[in-house]
1. What are the extents of the Cα atoms of the range B:115-314 along their three principal axes, in Å, largest first?
2. Can you give the net charge of the other residues whose Cβ lies under 13 Å from the Cβ of B:Arg143, counting K and R as +1 and D and E as -1?
3. Shape verdict for chain A, please, from the Cα gyration tensor: rounded (a/c under 1.5), prolate (a/b greater than b/c) or oblate.
4. For the range B:323-444, count the residues as N, evaluate 2.2 N^0.38 Å, and divide the Cα radius of gyration by that value, please.
5. Tell me what chain B gives for mean residue ellipticity at 222 nm when only DSSP H runs of n ≥ 4 count, each as -39,500 (n - 2.57), the sum divided by the residue total, rounded to 500 deg cm²/dmol.
6. Using a Debye calculation, one point per C-alpha and no hydration shell, please list log10 I(q)/I(0) for the protein assembly as shown at q = 0.05, 0.07, 0.09 Å⁻¹ in order.
7. Looking at the range A:36-140, I'd like the Rg to Rh ratio, where Rg is from alpha-carbon atoms and Rh is Kirkwood's inverse mean 1/r.
8. A:Lys60: which lysines have alpha carbons under 21 Å from its alpha carbon, excluding same-chain residues fewer than 8 sequence positions away?
Amino acid sequence: MTRIFRLALAVLGLLACAAQAQSKFPGVGRPATPAEIAAWDIDVRPDFKGLPPGSGSVAKGQEVWEAKCASCHGTFGESNEVFQPIVGGTTAEDIRTGRVKSLATGGEARTTLMKLSTISTLWDYVNRAMPWNAPKSLTTEEVYAVVAYILNLGDIVPGDFVLSDRNIADVQKRLPNRNGTSRRHGLWDVKGQPDVKNVACMSNCATDVKMASALPEYARDSHGDLTVQQRRIGAAAAPPAPQSPQLALAQGKTCTACHGIDKRALGPAFHEVAAKYRGQAGIEARLVEKVKQGGSGSWGAVPMPPQDVSDAEARSLVQWILAGSP
Amino acid sequence: MSKTELPGRIRKAPEGFLDPAQIAKVQSGRRDFLRNAFLAAGAVAAGTAAAQPPKAAGFQGESEILDLPEHSKGLGQPVAARGYGAPSQFESNLQRRESPGLTRVSAASVSFTPLQGLFGIITPNGLHFERHHQGWWDVDPSRHRLMVMGLVKQPKVYTMDDLMRLPSVSRMHFIECGANTGMEWGNVAVPTVQYTHGMLSCCEYTGVPLAALLDDCGFDRAAARYVLAEGADGSGMTRTISIDRVLDDVLVAWAMNGEMLRPENGYPLRLVAPGLQGVSWVKWLRRVEVGDQPWGTKDETLHYVDLMPDGVARQYSSIQECKSVITSPSGGQTLLDKGFHNVTGLAWSGRGRIKRVDVSFDGGRNWRTARLEKPDEPKCLRRFNIGWVWDGGPAILQSRAIDDTGYVQPKINQLRAVRGSRSIYHNNAIQSWKVAEGGEVSNVQAY
């Protein structure tokens, strides 16, 4: 072995030691590949870091919207049925000032466009989380297009607009609430300054205790029978009511993700179904078929997909629903 | 037509809503009345023999003592009859529950922890509150990955096996949704502590400090100012956490209360961000990115922003300030007897430890300092107790916590003076429970 070779070995050994010393936990984890990082690094920052190049038109956005978004959000983004409305409450004056006036003066209703201060947020929202039941399924063009369509519904861009990575910064300058947020408050830093300073008075503090609000009569029953929500030791301890096997089946087959017993969700309430069909000739067989094959149109535009249930399960569910879901 | 006969109303059960004459009977010792009232209300009390009134003439003793029950005379169930144990059948009243009308779809909703029935500070895993934005999943841990990237020398991927080889820590912390008590900014809106304060839980978490992972990837200490935590669920929950929080006490955790996380709480991996509102505790954590600017994500721009009276929304409001609540007696419960009662509750602060809790029985005019239970951990629930002799008259119960920064939990009118009533989030006001002469406890705002 030559001296040079030996020296080289020693240097290599030192390098290896240095590489190992970098990690306190050798053998734990592995380098992420560029393809893996690209697959997961989907966030878009307000300075547009992370925004993929591309474009989408308002017209294309309308197509996507009507096919994939309108059933929850309404054709014009105005729907309050499932989620809070997306469009509404902004004015041309707001676009000029960058402050949505109705946020200061208005009531409870706050639409997405009223609150939106950074356009990157809307792009990222649609891209990562929409459609609600099939998130991350839109193409980059579709995301640009849907965002363009929403902006058009809010009169922020014209109907022939094509939103792209090249003009999105200009759109940011037209957002109605672009100047509407603040980070100057004490709730961001753990050492931040609180808003209010109460004092720990111990005696004769308030001379006149004011009863400002009490639970209104009409709300007393709003959360059901409160006594069965409390531990009941000392009173007659009733054994738990057995749960209906059909309800368990409906939950297991995720029917209840879209149907409430007495509350409408994405689909009609079971009670509504019973009220509509009960007593009709041959209805049981028809509904069994509907559960198995899926359907749409009877209760609005949201379709019910085919359900993975046996004939016997479907029949049991339908009989139970028609009987009022006891 | 009386109110209870209105169509569609839920009939008031007797315990919570006795009329004054009935309550007088109960308080005079006529406990049999209560049992009969339950039977009348349709409670299934199969096998429950009508007990002898304890104070009736010729009273020999209770049948519970005189007649040996089956469990004293027979053979009980074998070990491992239930491979994963469950609470007693008599505890089924304590459930996570939704607040009707709060949300339209149950996959983007909240279920509340029944604080009224819990003891100490640890929340049983099955009763931990839930908040999902696009439903929950039971993720296969062998297929779950965590990626750490951004301003790091070496972006890395970790399996659960990798993470669980690292030096772990176990710490107790509370988690509170920023919207907890949010329904009460304007007026009293909900009846019980489950709905006023039940987006609150507390666990012992086990995991690895996020700082250790950042170090393992060689993060850029000079440039790093924030990290983004991202979930693997459909909502792809993303929250910006400032680097000082990360280097202080943020964990990447896989366990709660001695077992793996529950699916509803992010199995197999979640962020634990002590003191910060629950939304920052990203579930099904798949990615941590180190960066130099906040991300302005959907849940820090469109949701989880606090609207101020002037129309400006506060972004990145994250710290859960000092707060407390009496959990018993609380709304929906009824005091059936005069005399001694243990008044108990919880206190917590996202800025540190609880130093003191005072309790008032007269709506805030006079206060007494409660006993604080152990343990005394930062950013963790603290149980308090105080004895109270109820004289049978009306009372308003309040608790007021003080943390180790000296901050005193505020009154709702003090908060509203600064923040108005539309900010939804971060309502840490003093809670008032009114005890009526009959013993019925209800939710009020008093100051």
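Read-outs: derived from the displayed coordinates by stated rules, not from any lab. For clarity, every value in this text was computed on a predicted model and none was experimentally measured. Virtual Cβ from ideal backbone geometry, glycine too; neighbours counted across all protein chains shown.
1. Between the extreme Cα coordinates on each principal axis of the range B:115-314 lie 52, 43, 29 Å.
2. Once all neighbours under 13 Å are counted, the net charge is -1.
3. rounded
4. My calculation over the Cα atoms of the range B:323-444 gives 1.06.
5. Result for chain B: -3000 deg cm²/dmol, rounded to the nearest 500.
6. Summing over Cα pairs of the protein assembly as shown leads to -0.30, -0.59, -0.97.
7. Taking Rh as the inverse mean 1/r over Cα pairs, Rg/Rh reads 0.98.
8. Correct list for A:Lys60: A:Lys68, A:Lys136.
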